[in-house]
Amino acid sequence: MTYAIQAEGLVKRFKETEALAGVDLVARSGTVLGLLGPNGAGKTTAVRIFATLLRPDGGRALVAGHDVVREAGRVRALVGLTGQYAAVDENLTGTENLLMIGRLLGLPRGEARARAADLLARFQLSEAAGRATKTYSGGMRRRLDLAASLVGRPQILFLDEPTTGLDPHSRGELWELLRALVAEGVTALLTTQYLDEADRLADEIVVIDHGRVIAGGTPDELKSQVGGQVLQLRPVRPGDLARAHALVSAAAGPQTQIEGELITAPVNDPELMPAVVRRLDQAGIPVGELALRRSSLDEVFLALTGHRAAPGDGEDESEPDDDRSTARLP
């Protein structure tokens, strides 16, 4: 079977740092593969290798069946890349940016102009097409950046934390655009620190830490493997929060957390809830909310890596250069 994206024993070193230490992963055509991990885990290194911007030191990486080292030119013709920072020229207009990329890709001027107009319309940027990109909002720039990665009609997209710094509305708009692209058959590899983003978009997820794959599966499979259920409660009186937390921690263990006005704890024993209720009742702490729910992907991440994801951390610390990635590989 030929996968859209495949890594076998992928290794990359930067001096004394082993950014990737034998990574194996696959992405099926027409799906979204979420690549998750703490800052410095090796996510951006993997993306750069797949996009032919870095050469691996060991193992191999295939894109649509083509080796990224031996067949780099063929790979570049098939992929688009949106990095962590907008790659468009802020002094050019939206149309000029897309037209320039089309011409660099070898499109005739008329075809490049038509492609630019089509993409600007699709990304709801037609009204701003004649304005300098520096006048665009953050969400508009990211939409233009994604449009730029699509000028050459790539089969495979590499999206390296594409929504970092965007407001919820702009993130939602990019999510819808990505869903539409995947519905048309595009394959995407998405790195993100927003775990709700991975939960909503990814068909499958690979979690890496210290350059190694530590878990993989669908979002639901990961939640089932790691967490089961979570106890969630809120004391009626905010002043009881600290005491309630101490009582729940004594029953549920040190992973008990305070999140705003809520206390959450992993449930590894069906007797936990009645035990917590008894302790709170004996302590005279009334509860306004008490529920069991499934583990979130954020809690899965915490269990796997030892800490929560940190949106906006930026690229992997193990990598040498700042990534102002080109929006579309020529």
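Name the lysines eligible as straight-distance cross-link partners of LYS15: C-alpha to C-alpha under 23 Å, and not fewer than 8 places from it in the same chain.
Answer for LYS15, where 23 Å is the Cα cut-off: LYS43, listed by chain and number.
Ordering SER249, SER126 by accessible area with a probe of 1.4 Å, largest first, what comes out? All intermediate terms of the calculation are to be shown ahead of the outcome.
On the way: SER249 30, SER126 65 Å².
Result, largest first: SER126, SER249.
Between GLN232 and GLU176, with labels modelled 7 Å along Cα→Cβ, what's the label distance in nm to one decimal, could you check?
My value for the distance between the label points is 2.6 nm.
If the cut-off is 12 Å between C-alpha atoms, which aspartates and glutamates fall inside it for LYS134, apart from same-chain ones fewer than 8 positions away?
By straight Cα distance, LYS134 reaches ASP89, GLU90.
So, R0 is 30 Å and r is the distance between the beta-carbons of GLU289 and ARG200; what FRET efficiency does that work out to, to 0.05?
Details: r = 25 Å, r/R0 = 0.83.
E between GLU289 and ARG200, to the nearest 0.05, is 0.75.
Once amide H atoms are placed 1.01 Å from N in the peptide plane, what residues at a sequence separation of 5 or more from SER29, or on another chain, have their amide H within under 5 Å of its amide H?
Those lying under 5 Å, H to H, from SER29 are ALA4.
What spacing in nm lies between the two simple spin-label points modelled at ASP57 and ALA275, each 7 Å away from Cα in the Cβ direction?
4.7
I'd like the carbon and sulfur percentage of the solvent accessible area for the chain, probe radius 1.4 Å, heavy atoms only, ligands and nucleic acids excluded. All intermediate terms of the calculation are to be shown ahead of the outcome.
Details: 7210 of 14700 Å².
In the chain, the share of accessible area belonging to carbon and sulfur is 49 percent.
Using Cα pairs under 8 angstrom and six or more residues apart, how large is the relative contact order of the chain, in percent? Please list the in-between numbers first.
Values: 684 pairs, mean separation 84.8, N = 330.
Across the chain, relative contact order equals 26 percent.
Taking the Cα-to-Cβ direction at ILE214 and at ALA303 and moving 7 Å from each Cα, how far apart do the two end points lie in nm?
Using points 7 Å along Cα→Cβ, the separation is 1.3 nm.
Per-residue counts of other Cβ atoms within 10 Å, averaged by peptide: what ranking do you get for 270-278, 173-181, highest first?
Answer by packing, highest mean first, reads 173-181, 270-278.
So which trypsin sites (Lys or Arg not before Pro) in the stretch 1-107 are both in a DSSP loop and have at most 11 other Cβ atoms within 10 Å of their Cβ?
On the way: sites: LYS12, ARG13, LYS15, ARG28, LYS43, ARG48, ARG60, ARG70, ARG74, ARG76, ARG103; in loops: LYS15, ARG28, ARG70.
Answer in residue order: LYS15, ARG70.
Can you run phi through the Karplus equation (6.51, -1.76, 1.60; θ = phi - 60°) for the stretch 158-167 and list ³J(HN,Hα) in whole Hz, with x for Gly and Pro?
Running phi through 6.51 cos²θ - 1.76 cosθ + 1.60 with θ = phi - 60° gives 10, 10, 9, 6, x, 10, 4, x, 7, 6 Hz.
Among bridges DSSP assigns within the chain, what percent are antiparallel (round to 5)?
Numbers: 36 of 53 bridges.
Restricted to the chain, the bridges split so that about 70 percent are antiparallel.
In terms of Cα to Cα distance under 18 Å, which aspartates and glutamates are near enough to LYS223, apart from those fewer than 8 places away along the same chain?
ASP196, GLU197, ASP199, ASP203, GLU204, ASP209, ASP269, ASP298, GLU299
Quick check: residue separation of GLN282 and GLU221 times 0.36 nm, minus the Cα distance between them. What number comes out in nm? Walk me through the intermediate numbers first.
Working: separation 61, 0.36 × 61 = 21.96 nm, distance 3.79 nm.
Value of the extension gain: 18.2 nm.
What FRET efficiency comes out for the pair ASP89/SER126, r = Cβ-Cβ distance, R0 = 22 Å, nearest 0.05? Provide the component values of the computation, followed by the final result.
Values: r = 19 Å, r/R0 = 0.87.
Calculated value: 0.70.
Using the Cα centre of the chain as the reference point, and only Cβ charges (+1 on K/R, -1 on D/E), how large is the resulting charge dipole? Debye, rounded to the nearest 20. List each step's numbers first, then the result.
Values: 37 positive and 45 negative charges, 164 e Å.
That gives the chain a dipole magnitude of about 780 debye.
Please list HIS210, HIS66 in order of solvent-accessible area, largest first, computed with a 1.4 Å probe with all protein chains present. Please list the in-between numbers first.
On the way: HIS210 140, HIS66 30 Å².
These residues rank, largest area first, as HIS210, HIS66.
For the chain, set up a GNM with springs between Cα atoms under 10 Å and report which of ASP196, ASP209, ASP160 has the largest fluctuation.
It is ASP196.
Quick check: Cα centre of the stretch 197-269 to Cα centre of the stretch 69-108, how many Å?
Cα centres, the stretch 197-269 to the stretch 69-108: 41 Å.
The values are calculated or read from the model by the stated rules, or taken from the named source; none is laboratory data. Source: prediction; values computed, not measured. Neighbour counts run over all protein chains shown; Cβ positions are idealised from the backbone, glycine included. Protein only, heavy atoms only, side chains kept; ligands, DNA and RNA dropped before computing areas. Shrake-Rupley method; radii C 1.70, N 1.55, O 1.52, S 1.80 Å.
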